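See structure below.
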Amino acid sequence: MAVVEMKNMLEEARKGKYAVGAFNCFNIEMVQGIIAAAEEKKYPLILPLAESHIKFSDWELISYIMKNQAKKASVPIALQLDHAKKVETIEKAIEAGFSTVMFDGYELPFEEKIHQTRDIVEMAHRHGVLVEAPLGKIGTVGKEAEAKYDHDAVTDPELVEEFTTKTGVDILAVSVGTIHGRAAGESHLDYDRLQKICDRTNVYISLHGGSGVADDSYRRAIDIGVEKISIFTRVSTAAVNEIANVLENGRMRFPELLVEAKKGVTAEVEHLIDIFSNR
Ligand SMILES: [Zn+2]
């Protein structure tokens, strides 16, 4: 997908007051399950692959599957490299034709973060690829150092204008109370902070760790100005629950487990699309 289409996707979301879902994949069942939901709901979406999830398959294989299935889809599907720290992986994603890459330099000192992010933006824009970057720390449940909602690490609205202007990023991932890996309803969004962030920039705003957000809280975040919501845990848990159901019923056929897992992915993504699209 060309950069124009990717920008259009986010611009339409902004105008229409809805959010584009970004549902993480890492294998064929996830890719097909997610795209099936988008087709059923006739809704464009972003298909991200996290750098840390490449190990679950193989770069050549998974990027081929993503490209192949996105091309065949009846709705626009934008491919994203998610949470990349290595320039080498970003180069591979650009070469593979991904529409957007996320450079995750959240742990860097502010000036260095600007410097490194700007370098990635210059490279990506030369190839017509959009760049997402975080400002503030979006932690992960289970990694103890990051597990708590850290008030020092949330996105500081006062730094937003400088960060977005100096780096030239297209999408800003904000830390306003969500954490990767949380169950639905456990995150408490800081709406005031989100509003202040949105007041200070015109770039698209992305919410990560969105699995922990309660269904009705998504609407409020979208109304304030979130155009992209990244979800992994909720969808992955739906797949696991389907597998558990099959096993509980004493059915032990491997293909059946995969088929049911895929159905679980589709059902959960359809549910989230209904919420994000405000239909
Ligand atoms: Zn994320």
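The values are calculated or read from the model by the stated rules, or taken from the named source; none is laboratory data. Only a predicted model underlies this, so the values are computations on that prediction, with no experimental measurement involved. Neighbour counts are summed over all protein chains in view; Cβ atoms, including those assigned to glycine, are modelled from backbone coordinates with ideal geometry.
Miscellaneous remarks
- Restricting attention to the stretch 62-85 and to residues that are within 16 Å of the ligand (Cβ to nearest atom) and charged (D, E, K, R), the residue that is nearest to Leu207 (Cα to Cα) turns out to be Asp82.
- Total residues in the stretch 216-239 satisfying the condition of being within 16 Å of the ligand (Cβ to nearest atom) and not in a helix (DSSP H, G or I): the figure is 7.
- Residues satisfying the stated conditions in the stretch 40-83, i.e. of a type in the set (A, V, I, L, M) and outside any strand (DSSP E or B): Ile54, Leu61, Ile62, Ile65, Met66, Ala70, Ala73, Val75
- Selection within the stretch 127-142 - surrounded by fewer than 22 Cβ atoms within 10 Å (Cβ to Cβ) and away from the ligand (no atom under 13 Å from the Cβ): His127, Gly128, Gly142
- Residue list for the stretch 182-201, restricted to those being in a loop (DSSP other than H, G, I, E, B) and of a type outside the set (Gly, Ala, Ser): Arg182, Glu186, His188, Leu189, Asp190, Arg200, Thr201
- Within the stretch 212-230, being among the β-branched types (Val, Ile, Thr) and at pLDDT below 95 holds for one residue alone: Val213.
- None of Glu270, Glu256, Glu242 is in contact with a helix residue (DSSP H, G or I) (Cβ under 7 Å, 6 or more places away or on another chain), part of a helix (DSSP H, G or I) and more than 25 Å from Leu49 (Cβ to Cβ) except Glu256.
- Residue satisfying condition, being in a helix (DSSP H, G or I), within 16 Å of the ligand (Cβ to nearest atom) and within 19 Å of the chain's Cα centre (by Cα), within set Ala124, Ala93: Ala93
- Every residue from the stretch 1-18 that is touching a Ser or Thr at 6+ places or on another chain (Cβ under 8 Å) and either surrounded by 24 or more Cβ atoms within 10 Å (Cβ to Cβ) or at pLDDT below 95 (or both): Met1, Ala2, Val3, Glu5, Met6
- Pick from the stretch 178-211, criterion in contact with an Asp or Glu (Cβ under 8 Å, 6 or more places away or on another chain) and at pLDDT 90 or above, ranking: farthest from the ligand (Cβ to nearest atom): Arg200
- Among residues of the stretch 61-86 that are among the basic types (Lys, Arg), those with a Cβ under 8 angstrom from a residue that is surrounded by fewer than 18 Cβ atoms within 10 Å (Cβ to Cβ), sequence gap 6+ or separate chain, pair up as Lys67/Ala96; Lys67/Gly97.
- Residue list for the stretch 98-119, filter: more than 16 Å from the ligand (Cβ to nearest atom), more than 19 Å from Glu161 (Cβ to Cβ) and in contact (Cβ under 8 Å) with a residue 40 or more places away in the chain: Ser99
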